[in-house]
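The values are calculated or read from the model by the stated rules, or taken from the named source; none is laboratory data. As the structure is a computational prediction, the values presented were derived from the model and not from experiment. Ideal geometry is used to build each Cβ from the backbone, glycine not excepted, and the neighbour counts take in all protein chains shown. Surface accessibility is based on the protein's heavy atoms, side chains included, excluding ligands, DNA and RNA. Shrake-Rupley method; radii C 1.70, N 1.55, O 1.52, S 1.80 Å.
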Amino acid sequence: MIGRIGDQALLEVKDVHTYYGESHILQGVNLKVLAGESVTLLGRNGMGKTTLMRTIMGLTPARRGEVLFQGQDVTRRPPYRIARLGIGYVPEDRGIFGALTVCQNLQVPFLNLTRKKAYKWREIEERIYELFPALRERRKRLAGTLSGGEQQMLATARALIAGEKLILMDEPTEGLAPVVVDKLVEVFHRLKAQGQTMLLVEQNFQVAMEVADRCYVLEKGLIRLEEKSAALAARSDLLRQYLGVLDNDQEACRPG
């Protein structure tokens, strides 16, 4: 069991304001993720979801506000130091190293861990290949030769190695075939059962409702709504207003 949902926030974003140049993207975002919880960040395109993920990881630091991880202020720490706290990140573009093999890609985040030994690597490698059997079969292949779905699995696997405490995933199912999406959702369910803490940006409403305990809706740089997944799935008015989800989509995506 990696973690357990409790009252203490593992990650907390407090009144965060982030800019690109003079463009004010995040305009006072407040959000928290509890240990062992799965949270999805929803919203239409261009509302600041990716910027929020980059702000948490220190790639686009906030000008005002705080990002707290386990009670520590990490707002202006460099990304590599944030990652070393046990946070893994899957960016929207996946960020894999195409000229390295699958196995070498997996070893990159392992080398950034503060405590590492050979036996621990073998344990981590076996856990990853158990979750993603396709990667075991392709472990000696260059990552750039993998299919889009396999590359997403590799990016997710790398985040799991770095993210012993928390993984952030930006649009993990975007552009993937339904069969690959189903495989990823199965992995997410297994991770939830193990107590892995996750924060996902997800446009696929069905995936969001299946995976998340709670949802935040981001609109124009502000959190407009926080709700449990089951309760949000039942609110057709809110889904239409914030996400453009139609009634027939709502029925298809209702958890249960």
With every protein chain kept in place and a 1.4 Å probe, the chain has an accessible area per residue in Å² of 47 Å²
Quick query: amide H of Leu225 versus all other amide H atoms, modeled in the peptide plane; which residues come in under 5 Å with a sequence gap of 5 or more or a different chain?
Val217
Toward the positive end of the charge dipole of the chain, about the Cα centre and with charges on Cβ (Lys, Arg +1; Asp, Glu -1), which of Gln107, Ala230, Ile128 goes farthest?
Gln107
For the range 28-83, what's the relative contact order in percent, using C-alpha pairs closer than 8 Å and at least 6 residues apart?
24 percent
With +1 on the Cβ of every Lys and Arg and -1 on the Cβ of every Asp and Glu, the dipole magnitude of the chain about its Cα centre, in debye rounded to the nearest 20, is 1120 debye
Just need the relative contact order of the chain here, percent rounded to a whole number, with Cα pairs under 8 Å and 6+ apart.
26 percent
Return a whole-number percent for the relative contact order of the range 82-171, with Cα pairs under 8 Å and 6 or more residues apart as the contact set.
58 percent
Between His189 and Glu137, how many nm apart are label points set 7 Å from Cα along the C-beta direction?
2.1 nm
Charge dipole (debye, nearest 20) of the range 110-187; +1 at Cβ of Lys and Arg, -1 at Cβ of Asp and Glu:
620 debye
Qualifying GluC sites (Glu not before Pro) for the range 160-206 [loop in DSSP, other Cβ within 10 Å: at most 16]
Glu174
Can you tell me the dipole magnitude for the range 84-221 around its Cα centre, using point charges on the Cβ only (Lys, Arg +1; Asp, Glu -1), in Debye to the nearest 20?
840 debye
So, in Å, what gap is there between the alpha-carbon centers of the range 192-208 and the range 49-104?
17 Å
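Using the beta-carbon distance between Gln70 and Leu100 and R0 = 30 Å, what value does 1/(1 + (r/R0)^6) give for FRET efficiency, to the nearest 0.05? The partial results should precede the final answer.
On the way: r = 31 Å, r/R0 = 1.04.
The formula returns an efficiency of 0.45 here.
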Pick out, in residue order, every one of the GluC sites (Glu not before Pro) in the range 1-73 that is DSSP loop and has at most 16 other C-beta atoms within 10 Å; say none if there are none.
Glu22
Excluding ligands, DNA and RNA, the carbon-plus-sulfur percentage of the accessible area of the chain with a 1.4 Å probe reads 48 percent
